[in-house]
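**Student:** My structure is below; once you've seen it, I'll send some questions.
All of the numbers you see were taken from the coordinates with simple rules; none came from a lab. Treat the numbers as computed from the prediction; the structure is a model and nothing was measured. Neighbour counts run over all protein chains shown; Cβ positions are idealised from the backbone, glycine included.
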Amino acid sequence: MELSLPQLIAVYAIPVILAITLHEAAHGFVAARLGDRTAEMMGRVTLNPLRHIDPVGTLLVPGLILLASKMLGGGGLLFGWAKPVPVVTSNLRSPRRDMGLVAAAGPGANILMALLWGVLLKLMLSTGFDIEFFLRMALAGIFVNLALAALNLLPVPPLDGGSIVTSLLPPRLALAYSRLEPYGLFILLALLATGVLGSVISPLIELGASLISSLLSLS
C-alpha cells in the first residue's frame with residue numbers, strides 16, 4: 001500500500017529523530033568517558049530529543065526530502081543533522097586518539113540502533129504482530145540509521161569519517177588533511193549533484209541491511 005505524505009512522515013518521524021539525536025548524544029557520552037565533560041555539563045548527554053533537535057537539520061531537511069521523494073515518485077538518501085555536540089579536544093586524555101573514538105561513537109550508535117530496529121522487526125514478525133504502520137517504522141529505522149552511519153563515515157571533514165582519518169594520520173598529514181574542513185560542505189554538495197554520493201552510500205546501506213537480515217533471519 002502506498003503511503004500518503006502525512007503517513008510517510010509519521011512512519012519516519014521517530015526513527016529520524018532518534019537516529020539523529022542519539023548519534024549526537026553518543027559523541028558526548030564517549031567524550032565524557034575520555035575526559036571532556038563539556039557536553040555532559042551542557043545537558044547534551046541525554047536521550048531527550050529536545051536537547052539535540054536542530055529545526056532545519058532534524059525537521060525541515062528530512063521533511064523536504066520526504067516531500068520531494070513523494071512528489072517525484074522515487075526513493076532518496078534521507079538524512080539530516082542535529083545541533084553538534086561541543087567537544088573540547090584539549091580536555092581529552094589523548095586528544096588525537098580520543099577525538100577519533102568520539103567521532104566513531106556517532107556512527108557506531110547508528111549501527112547499533114539499526115540492529116535494534118531489526119530485532120524489533122524480527123519480534124513483530126515472529127509473534128504475528130502485523131500492523132503495517134509499525135512494520136514500516138521498523139524498516140525505516142533500519143535504513144535511516146544505516147544511511148546516517150554510512151554518510152557520516154565518509155572520510156570528508158567535518159564528517160565523523162574525516163575526524164577518524166585525521167586521528168589516524170601522522171601529525172603533519174593530519175594537519176594538512178584537516179584544512180579541507182571549510183570545504184567539506186561544498187565537497188558533499190558536489191558529490192550529491194554528480195550522483196557519486198548516492199553511488200557510494202547506497203551499496204553500503206544495502207550491505208548493512210543484508211547483514212542485519214542474515215544475522216536475524218529476516219528474509
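**Student:** Give the angle, between 0 and 90 degrees and rounded to the nearest 10, that separates the Cα long axis of helix 196-216 from the longest principal axis of the Cα atoms of the chain.
**Tutor:** That works out to roughly 70 degrees.
**Student:** So what's the gap between the Cα centers of region 154-219 and region 8-55, to the nearest angstrom?
**Tutor:** Each part's Cα centre sits 20 Å from the other's.
**Student:** Using the basic label-point model (7 angstrom from Cα toward the beta carbon), what is the Thr127 to Ser213 distance in nanometres?
**Tutor:** A separation of 2.4 nm, rounded to one decimal place.
**Student:** If you don't mind, another one. Under the 0.36 nm per residue contour assumption, what length would be gained going from the current alpha-carbon distance of Asn48 and Val196 to full extension?
**Tutor:** 49.8 nm
**Student:** Just to be sure I understand, if you calculate Cα extents along the principal axes in Å for this structure, which of (i) 54, 37, 34; (ii) 47, 41, 32; (iii) 53, 34, 32 do you get?
**Tutor:** Only one listed value fits the structure, namely (i).
**Student:** Give the calculated FRET efficiency between Val119 and Ala10 to the nearest 0.05, with a Förster radius of 25 Å applied to their Cβ-Cβ distance.
**Tutor:** E(calc), rounded to 0.05, equals 0.70.
**Student:** Could I ask something else about it? Neighbour counts of other C-beta atoms within 10 Å: give me Met113, Met41 arranged from fewest to most. Intermediate results must be reported in sequence, preceding the final value.
**Tutor:** Details: Met113 23, Met41 12.
Least to most surrounded, the residues fall as Met41, Met113.
**Student:** What angle, in degrees between 0 and 90 and rounded to the nearest 10, separates the Cα long axis of helix 95-126 from the longest principal axis of the Cα atoms of the chain?
**Tutor:** Roughly 10 degrees between the two axes.
**Student:** If you line up the long axis of helix 5-33 against the longest principal axis of the chain, both from Cα atoms, how many degrees apart are they, to the nearest 10?
**Tutor:** Helix 5-33 and the main axis of the chain meet at about 30 degrees.
**Student:** Please report the relative contact order for the chain, taking Cα pairs under 8 Å with a sequence separation of at least 6, and give it as a percent rounded to a whole number. Show your work: numbers first, answer last.
**Tutor:** On the way: 290 pairs, mean separation 47.6, N = 219.
Once divided by the residue count of the chain, the mean separation gives 22 percent.
**Student:** How far is it, in nm, from the label point at Phe186 to the one at Phe134 when both lie 7 Å from their Cα along the line to the Cβ?
**Tutor:** Between Phe186 and Phe134, the label points sit 5.0 nm apart.
**Student:** Which peptide among 184-194, 155-165 comes first, and what is the full order, when sorted by highest mean count of other Cβ atoms within 10 Å?
**Tutor:** The peptides rank, most packed first, as 155-165, 184-194.
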